[in-house]
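Asks: Below is the structure I would like to discuss, written out as structure tokens.
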Amino acid sequence: MQHIKLKVCGMKNPDNIQALAEVEPDYMGFIFYKESKRYVGALVAEQVRHLPKGIKTTGVFVNSDLQTIAGTIKDFGLRTIQLHGAETPELCESLKIQFPDIEVIKAFGIDEEFNFDLLHTYDNVVDYFLFDTKTPAHGGSGKSFNWEKLKQYSGEKPYFLSGGIGLEHLDEIKALNHPALYAIDINSKFELEPGLKNIAQIKTFKTNLYGLQA
Ligand SMILES: O=C(O)c1ccccc1NCC(=O)[C@H](O)[C@H](O)COP(=O)(O)O
């Protein structure tokens with residue numbers, strides 16, 4: 001069985017980025033959405049470019065255009081792009097054509113009414129889906145959606161599970177046993193303040209997440 005991967009999102013403080021790198025998450029996320037309290041700015045670009053190759057540096061965008069995303073990929077040396085707004089399949093495809101080595105994650109806000117049939121138009125143009133809780137702020141809400149809803153997803157495209165995940169969810173994650181679950185995305189439940197993570201708690205989460213999969 002393949003390990004469930006770990007993504008830690010919303011990093012912006014240089015010392016905190018370094019400390020998290022030592023925990024070796026599979027993905028480290030940086031928010032390029034100015035409305036977010038976790039907006040990363042340009043100051044850490046060089047540090048992000050030099051992070052160990054085993055950590056997939058992930059840029060999170062909300063309704064940015066291709067030119068902006070392309071410039072940020074180059075400045076930060078990003079390996080993965082997460083599109084967290086209403087980005088079209090056409091934009092995802094253009095990104096894949098221009099940057100064939102970049103992984104593209106398309107995020108969707110899930111509520112009780114969400115229709116997973118919507119995902120089909122993205123099947124051939126993204127690498128992963130990400131299922132987050134639907135809120136007006138797009139992401140970083142600290143709220144979980146009803147995971148029963150995942151039973152309606154029968155697609156093969158692997159997905160990141162996101163939205164208010166904390167240490168208290170480890171048993172539920174284990175119980176999910178969903179074939180397409182690829183990664184767990186954590187963020188605000190592990191924060192001392194927006195953008196500043198509690199590294200010890202993340203270490204505990206990672207150890208237990210990997211322990212679940214022995
Ligand atoms: O985290 C943010 O501030 C944010 C703002 C706007 C769009 C996306 C954002 N975060 C993207 C993520 O991948 C988060 O990890 C995800 O939304 C879950 O966050 P949380 O509910 O805090 O665990």
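Asks: For the chain, what proportion of DSSP beta bridges, expressed in % and rounded to the nearest 5, is antiparallel?
Replies: The answer is about 5 percent antiparallel.
Asks: If you don't mind, there's one more thing I want to ask. Determine the alpha carbon to alpha carbon distance for each of Lys143/Lys174; Lys37/Lys96; Lys174/Lys206; Lys37/Lys106 and list only those over 23 Å.
Replies: Pairs exceeding 23 Å: Lys37/Lys96.
Asks: Could you go through the stretch 151-161 in sequence order and give the Karplus-derived ³J(HN,Hα) for each residue, using 6.51 cos²θ - 1.76 cosθ + 1.60 with θ = phi - 60°, rounded to whole Hz, and x for Gly and Pro?
Replies: Ordered by residue, 3J(HN,Hα) equals 5, 7, 9, 10, x, 9, 5, x, 10, 8, 9 Hz.
Asks: Tell me which trypsin sites (Lys or Arg not before Pro) from the stretch 35-83 have a DSSP coil assignment and no more than 14 other beta carbons within 10 Å of their own.
Replies: Working: sites: Lys37, Arg38, Arg49, Lys53, Lys56, Lys74, Arg79; in loops: Lys37, Arg38, Lys53, Arg79.
Sparse-neighbourhood loop trypsin sites (Lys or Arg not before Pro): Lys37, Lys53.
Asks: Further question on the same structure: With every protein chain left in place, what is the accessible area per residue of the stretch 23-99 in square angstrom, probe 1.4 Å?
Replies: With the other protein chains kept in place, the stretch 23-99 gives 47 Å² per residue.
Asks: Modelled label-to-label distance, Ala137 and Asn177, 7 Å Cα→beta-carbon offset: nm?
Replies: 3.5 nm
Asks: Loop-only check: which GluC sites (Glu not before Pro) in the stretch 13-83 are DSSP coil with at most 14 other Cβ within 10 angstrom?
Replies: Glu35
Asks: Hey, which aspartates and glutamates would be in cross-link range of Lys74, C-alpha to C-alpha under 15 Å, not counting anything within fewer than 8 residues on its own chain?
Replies: Glu46, Asp65, Asp101, Glu103
Asks: Separate question: How would you classify the stretch 125-214 from its alpha-carbon gyration tensor, with a ≥ b ≥ c the square roots of the eigenvalues: rounded for a/c under 1.5, else prolate if a/b is greater than b/c, otherwise oblate?
Replies: oblate
Asks: Mind listing the long-range amide H neighbours of Thr57? Cut-off is under 5 Å, sequence gap 5 or more, other chains count too, H placed in the peptide plane at 1.01 Å from N.
Replies: For Thr57, whose amide H was placed from the backbone, the distant partners under 5 Å are Met28, Arg79, Thr80.
Asks: With an 8 Å cut-off on Cα pairs and a minimum separation of 6 or more residues, tell me the relative contact order of the stretch 1-156 in percent. Each step should come with its number before you reach the end.
Replies: On the way: 239 pairs, mean separation 23.5, N = 156.
Over the stretch 1-156, the number comes to 15 percent.
Asks: Let me ask something additional. Tell me the carbon and sulfur percent of the accessible area for the chain, rounded to whole percent, probe radius 1.4 Å.
Replies: 49 percent
Asks: Let me ask something additional. For the chain, what Kirkwood radius comes out of the mean inverse Cα-Cα distance, in Å?
Replies: 17.2 Å
Asks: Oh, and also: Among 183-191, 145-153, how do they line up by average Cβ neighbours within 10 Å per residue, starting with the highest?
Replies: Final packing ranking: 183-191, 145-153.
The values are calculated or read from the model by the stated rules, or taken from the named source; none is laboratory data. Just so you know, these numbers come straight off a predicted model, no measurement behind them. Quick reminder, even Gly has a Cβ in these numbers, built from the backbone with ideal geometry, and neighbours come from all protein chains shown. We work out accessible area using only protein heavy atoms, side chains counted, and drop any ligands, DNA or RNA first. Shrake-Rupley method; radii C 1.70, N 1.55, O 1.52, S 1.80 Å.
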